[in-house]
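Here the structure comes first, spelled out in structure tokens, and everything after it is commentary.
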Amino acid sequence: MKNITILGSTGSIGTTTLEVIRRYPDKFRVVGLTAGRNIELFQRQIREFRPLVVAVADDTEAGKLRENTGFSEILSGPEGIKDVAAYPGADFVLSAISGSAGLLPTLSAIREGKTVGLANKETLVMAGPLVNEAIAEYGARLIPVDSEHSAIFQCMHGYNSSDIRRLILTASGGPFHGRKTDDLREIKPEEALNHPTWQMGKKITIDSATLMNKGLEVIEAHYLFGLHHMTLMLLSIHKALCTHLWSSWMERLLLICHILI
Ligand SMILES: NC(=O)c1ccc[n+]([C@@H]2O[C@H](COP(=O)([O-])OP(=O)(O)OC[C@H]3O[C@@H](n4cnc5c(N)ncnc54)[C@H](OP(=O)(O)O)[C@@H]3O)[C@@H](O)[C@H]2O)c1
């Protein structure tokens, strides 16, 4: 039985993870959950998965949740979310809060020596050296959840970073692929949020539309795998998206990872 805490359980990554847990009740137990503002969904998750501890971003929402669920272990604010991340009894903490709010709870789990599944790429982009120092100091483990990085992680089994000559991250091009610069001046947020391939949270969808997401992924890969940026710089727009990553190795092996179709 794996004991799991999900930071950001009401988001795209969080709800998908809970779907998997729902299917395998004999393999996974939910220890902790955290949410931001989607209290209605969070309430349903608390009732269904009966975690030991939960936290919400806002103090007043915590009071309402206590009344509505009769559940007492409800913490709140950034400190409460950090406490859920560090809560004893969870072997695995999924870091799936979006944006900068994910950093401190992720560090909190790392400082408890936990295995952390990292979806929140902003954590490494903002504080890669700090996170890597904490992993070494507290004996924690970081497992990438971002699909490209998960693909690299799986390909690297049995290899070192120094074996890699080049990594090619692919991108679908997003909703604006093929559009002329002049067409982009009048773009509305709704168009940027309409990703042709993936259903994701709003921030990452916007970052994908502007290709900022690929920049964040290069930095993330640099800190995760100790790869020089030049090794990672190549980017190929691959609209069919049957791969997420190509890697070329010193021994002239070409691995095409994460085949989706
Ligand atoms: N979605 C994907 O396919 C995907 C793929 C690769 C990487 N990622 C990365 O994974 C992370 C999560 O992405 P997502 O798409 O799942 O995002 P999302 O759907 O927007 O979900 C974000 C989660 O974080 C919570 N949250 C947001 N701000 C918060 C705050 N200030 N305090 C506490 N909780 C807060 C949200 O709570 P409420 O909803 O309750 O407000 C929600 O549970 C991001 O860093 C993203 O870059 C996502």
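Coordinate-derived values only; no laboratory data. Remember, predicted model here, so these are calculated numbers, not experimental data. A quick note on method: Cβ atoms are made from the backbone with ideal geometry, for glycine too, and the neighbour counts reach across all protein chains shown.
Charge dipole of the chain (Cα centre as origin; +1 on each Lys and Arg Cβ, -1 on each Asp and Glu Cβ, all else neutral): 520 debye, rounded to the nearest 20. Name the residue farthest towards the positive end of the dipole of region 2-145 from the options VAL125, PRO25, PRO144, assuming +1 on Cβ of Lys and Arg, -1 on Cβ of Asp and Glu, about the Cα centre. Result: PRO25, furthest along the dipole toward the positive end. Angle of helix 59-69 to the longest C-alpha principal axis of the chain, folded into 0 to 90 degrees and rounded to 10: 60°.
Which of the peptides 203-216, 75-88 is most tightly packed, and how do the rest follow, going by the mean number of other Cβ atoms within 10 Å of each residue?
On the way: 203-216: 17.9, 75-88: 19.5.
Final packing ranking: 75-88, 203-216.
Using Cβ point charges alone (K and R +1, D and E -1), the dipole size of region 2-145 about the Cα centre works out to roughly 480 debye.
Using the Cβ of LEU104 as centre and a radius below 14 Å, the other residues enclosed give a net charge of -2, where K and R count +1 and D and E count -1. Computed extension length for THR15-ASN68: 17.0 nm, one decimal, from 0.36 nm per residue of separation with the Cα-Cα distance subtracted.
Please give, to one decimal in nm, the separation of the simple spin-label points placed at GLU190 and ASP58, each 7 Å out from Cα toward the Cβ. With each label point 7 Å from Cα toward Cβ, the separation is 2.5 nm. The simple Förster model, with R0 at 30 Å and r as the Cβ-Cβ distance, assigns ARG141 and LYS203 a FRET efficiency of 0.70. Please give the helix 39-49 orientation as an angle from the longest Cα principal axis of the chain, in degrees from 0 to 90, rounded to the nearest 10. The two axes meet at around 80 degrees. Pairs from the table (LYS180/LYS214; LYS82/LYS214; LYS82/LYS121; LYS27/LYS202; LYS121/LYS188; LYS27/LYS64) lying more than 22 angstrom apart at Cα are LYS82/LYS214; LYS27/LYS202; LYS121/LYS188; LYS27/LYS64. Subtracting the Cα-Cα distance of MET126 and ARG50 from 0.36 nm times their residue separation leaves 24.0 nm of extension gain. Based solely on its DSSP helices, what 222 nm [θ] is calculated for the chain when runs of n ≥ 4 H residues each add -39,500 (n - 2.57) and the sum is averaged over all residues, nearest 500 deg cm²/dmol? Counting only the DSSP helices, I get -12000 deg cm²/dmol. Against the chain, whose longest principal axis is taken from its Cα atoms, helix 12-23 shows a tilt of about 70°. Its residues counted as N, region 2-145 yields a C-alpha radius of gyration over 2.2 N^0.38 Å of 0.96.
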